Every structure is written in C-alpha cells, then in structure tokens.
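Participant: Handing you a structure now.
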Amino acid sequence: MMEKTDILSLTLPEVEALITEMGEPKFRAKQIYGWITKGAWGDEMRNIPKSLKEKINTVCEFRLPKVKLKLVSKIDGTIKYLFELIDGECIESVLMRYEHGNTLCISSQVGCRMGCKFCASTILGRVRNLTPSEMLGQIIAAEKDTGEHISNVVMMGIGEPLDNYDSTVKFLRLVSSEDSLNIGLRHISVSTCGLVDGIKRLQGEGLPITLSISLHAYDDEVRSSIMPINNKYSIDELLSACRDYFDATGRRISFEYTLIAGKNDTEEGAVKLASVLKKYMHSGIHINLIPLNEVKETKLSTSKNVNAFKNKLISLGINATVRRRLGSDINASCGQLRRQSQKESL
Ligand code: SAH
C-alpha cells in the first residue's frame, strides 16, 4: 500500500498541485490549507464537499500531535503539553504567557544525543528526528487547544535543532510563510548547543531568526566537562562562527548560561566569561542567565550567586538578564515530563 502524504508538511502550492491533479478547482486548496493550519480535518472542514474530503483522505493523512497530558501552572498560567506523535513517541511543548504575547517552546527531536550533563532530555539518547510537520503541529495543536494565538516560537524544547538541520530549516520556511501560520522569523529563536557546521550553514539561509547559543561556560575545561559537544568544537571555533554569523547576517546572537553551583557560577567565572565574549563579539552581547532545574548530580546556584554573577557581567558592560522561572510548579523545563511518563510506563 502506498504511504499517505502528511498534508501538514506541504506548502500551499504543493496542496494546490495535489488538488488540481484530482481534477478539483484550485481554490479548494486554499480552503483546505486554511483548515489544516487551524488544526481542523475531516468533518471539521465545513465548506469542503464530502466527495472531495473522501478523495483527499485516500492520499493524505492529517497527523496533528495529540494532547496526551496538559499541566497548567497555578502561578503564572504556563501550560505544559505532553504530545503524542503518530508512532506513539512523546514530546513536550510549553506555552508561556508574556505581556507581548504567547510564546511556545517546541521540541525538535524525540530525545537528544548531545549528552549535556545537566539536561533531562538527553538521558536516554535520541530516538528520532521530528518532521517539519511535527514541529508545526505543536504550534497548531496548542493554538487549537487554547483558542489563543501564538506569536513567538522558541526552539528550546527537547532535541538539538541543528542536529535535525533540514527539517528545522523546512519548518522555519513553512511556519513563517503567509499561507501558513505567518509567524515572522524575527519572532522565532533557534537554540543550539553549538554545532558549528550547522551555524555556518544557517548563516547562508537568509532566515532572520534569533540564534541562541547555549554556552554555559567561560573556558574549554569547564565546557567540556558539562557539554560533550565542546570536545568536537572548542569555544574558539564556536565563538568565531558566532562572530561570522553576526557579521554576515547582522542578527544579534543571544547567549544562554545556566548557572550550576560549584561549576560555573563564581564571580571570577563572570570576569572570564565577559572577557572571552568581548574577544569575539564586538557589540550587542546579551547573556540570558538561566537558573538551573536540578537534574541528576547538578545543583542550582544560590540566588545570591546568580545576582553576583549578573552584577559582575553588568559592571563589565555586558547586558545580562536572569530568565524568569515560569511554570516551576509543573516541571516546565525541557524533558522532565517525557521522562516521567516513560518511567511510569515501565
Ligand atoms: N539543544 C538546544 C535546545 C534545547 S535546550 C540547546 O542546547 O540549546 C534549551 C536550553 O535549556 C539550553 O540552553 C539548555 O542548555 C538549557 N537547559 C537544559 N537543561 C537545563 C536545566 N536542567 N536547567 C536549566 N537549563 C537547562
């Protein structure tokens, strides 16, 4: 039997081609596309004739991620979704409410193979890559579930987006297209643990997203001890690639730095961090300090250390902010819920 086409992975012109091939008028494609990007399919597509729906069903499949579990924070309204995919694998997305609108944090892979020591998503390795439609589907499913609009997307959920490069780029083109969700690329952040070859490729794609680098260390010794990727690409190679990216695209890069007690959170470390960043990046350095969510043996820095670290960076002329901890009552940080559900099913 021929495998059905995953309709959410198609662009509008591709759906138009499919519809015209069926001998149906082209305008139907736009109607159908309008429905699928709202998460509607089958009987929900009210203005589509039954005969056409039946025809499409024979060649296409609508694979919207299913809400398997939904947790809503009583503190700040953050919503954490555990989504089930077509093959039963699960991923997580988090909807965060900010004054400037709703941001959805999406996953890019089932699991992750980067091995960062402090991260829950990577503990059991990578199962598979997500398709572009599964990335898009997380946004559509969250909008359908809440009835609210999502205006910003961050690729900071489970997985390493640049380890799933082609699907990530395809997703970015789909989600930002006017026919689809029309979310501006300037409202999308792609976070990477530092796959230098991916950063170099991304530079030439002409996608004005915000690139976030998970730096988490001020020298190679500390970075290699918590992030295995640093054995492949040193800080020098990573920050050189960041400098080139900025020079070529004019897009500012944001650096993420998770503070781990006794590892990378001293004031002396802040001085070293400021100095290494200034060496490569000439302007507009922004550091997002992330209070650690404790995983395995890693320990959260005290708020005193976090503040001292932040103030030190600021005194050295670096723009540093501490990320608000949203949804702390619902395990809102990456990978925690999927792991919990795996443990429960064992
Ligand atoms: N693989 C990508 C995107 C996913 S992780 C990346 O590495 O950037 C999103 C962010 O959360 C990264 O900065 C990551 O280092 C950070 N993170 C992972 N585990 C964390 C934890 N336990 N506490 C705080 N931040 C964590």
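The values are calculated or read from the model by the stated rules, or taken from the named source; none is laboratory data. A quick note: this is a predicted structure, and the numbers were derived from the prediction, not measured. Positions of Cβ are backbone-derived with ideal geometry, glycine not excepted, and every protein chain shown enters the neighbour counts. Keep in mind that these areas ignore ligands, DNA and RNA; they rest on the heavy atoms of the full protein, side chains included. Shrake-Rupley method; radii C 1.70, N 1.55, O 1.52, S 1.80 Å.
So that you can scan it fast, the table gives a plain yes or no per residue for (1) modelled with pLDDT of 95 or more; (2) within 16 Å of the ligand (Cβ to nearest atom); (3) in contact with a Pro (Cβ under 7 Å, 6 or more places away or on another chain); (4) of a type outside the set (A, V, I, L, M):
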{"residue": "67", "(1), (2), (3), (4)": "yes, no, no, no"}
{"residue": "77", "(1), (2), (3), (4)": "no, no, no, yes"}
{"residue": "87", "(1), (2), (3), (4)": "yes, no, no, yes"}
{"residue": "90", "(1), (2), (3), (4)": "yes, no, no, yes"}
{"residue": "99", "(1), (2), (3), (4)": "no, no, no, yes"}
{"residue": "102", "(1), (2), (3), (4)": "yes, no, no, yes"}
{"residue": "105", "(1), (2), (3), (4)": "yes, yes, no, yes"}
{"residue": "111", "(1), (2), (3), (4)": "yes, yes, no, yes"}
{"residue": "121", "(1), (2), (3), (4)": "no, yes, no, yes"}
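Participant: Of all residues in the range 75-104, count the ones that are in a loop (DSSP other than H, G, I, E, B) and closer than 21 Å to residue 341 by Cβ. Quick ask: steps written out before the conclusion?
Facilitator: Our first condition is that a residue be in a loop (DSSP other than H, G, I, E, B); within the range 75-104, this holds for 75-78, 85-89, 99-100.
Restricting the remaining residues to those that are closer than 21 Å to residue 341 by Cβ gives 78, 85-89.
Number of matching residues: 6.
Participant: Could I ask something else about it? Out of the range 285-316, which residues are away from the ligand (no atom under 16 Å from the Cβ) and among the hydroxyl-bearing types (Ser, Thr, Tyr)?
Facilitator: Residue satisfying the conditions is 315 alone.
Participant: Of the residues that sit in the range 130-151 and are within 19 Å of residue 185 (Cβ to Cβ) and surrounded by fewer than 19 Cβ atoms within 10 Å (Cβ to Cβ), which one is farthest from the ligand (Cβ to nearest atom)?
Facilitator: Taking the candidates together, the pick is 149.
Participant: Within the range 9-35, can you find the residues that are in contact with a Phe, Trp or Tyr (Cβ under 7 Å, 6 or more places away or on another chain) and in contact (Cβ under 8 Å) with a residue 40 or more places away in the chain?
Facilitator: 12
Participant: A further question on this structure: For the range 198-260, which fully contained helices (runs of 4 or more DSSP H) count at least 3 residues that are closer than 22 Å to residue 292 by Cβ and out of contact with any Gly (no Cβ under 7 Å at 6 or more places or on another chain)?
Facilitator: The helices (runs of 4 or more DSSP H) meeting that bar are 220-226.
Participant: Return the residue satisfying two criteria in turn: it lies in the range 258-284 and is away from the ligand (no atom under 16 Å from the Cβ) and touching a Leu at 6+ places or on another chain (Cβ under 6 Å), and of such residues it is farthest from residue 328 (Cα to Cα).
Facilitator: 280
Participant: Quick check on my filter: what residues within the range 153-185 are farther than 22 Å from residue 215 by Cβ and not in a loop (DSSP other than H, G, I, E, B)?
Facilitator: Within the range 153-185, 166, 167, 169, 170, 171, 172, 173, 174, 175, 185 meet the criteria.
Participant: Let me ask something else about it. Kindly list, by first and then second residue, each pair from a residue in the range 293-308 that is more than 26 Å from residue 339 (Cβ to Cβ) to a residue that is among the hydrophobic types (A, V, I, L, M, F, W, C) and open to solvent by less than 30 Å² (accessible area, probe 1.4 Å), limited to pairs with Cβ atoms under 8 Å and residues at least 6 apart or on different chains.
Facilitator: So the pair list comes out as 305/259; 308/270.
Participant: Has the range 253-275 got at least one residue that is surrounded by fewer than 19 Cβ atoms within 10 Å (Cβ to Cβ), at pLDDT 95 or above and among the basic types (Lys, Arg)?
Facilitator: Checked the range 253-275: at least one residue is surrounded by fewer than 19 Cβ atoms within 10 Å (Cβ to Cβ), at pLDDT 95 or above and among the basic types (Lys, Arg).
Participant: How many residues, within the range 12-22, are in contact with a helix residue (DSSP H, G or I) (Cβ under 7 Å, 6 or more places away or on another chain) and farther than 12 Å from residue 59 by Cα?
Facilitator: Here the count works out to 2.
Participant: Continuing with this model, one more query. Just need a number here: residues in the range 43-86 that are small (Gly, Ala, Ser), exposed (fewer than 14 other Cβ atoms within 10 Å of the Cβ) and at negative phi.
Facilitator: 1
Participant: Sticking with this structure for a sec: Picking from 113, 128, which residue would you name as being in a loop (DSSP other than H, G, I, E, B) and assigned by TED's automatic domain parsing to the domain that holds residue 190?
Facilitator: Working: 128 fails: in a loop (DSSP other than H, G, I, E, B).
From the options 113, 128, the qualifying one is 113.
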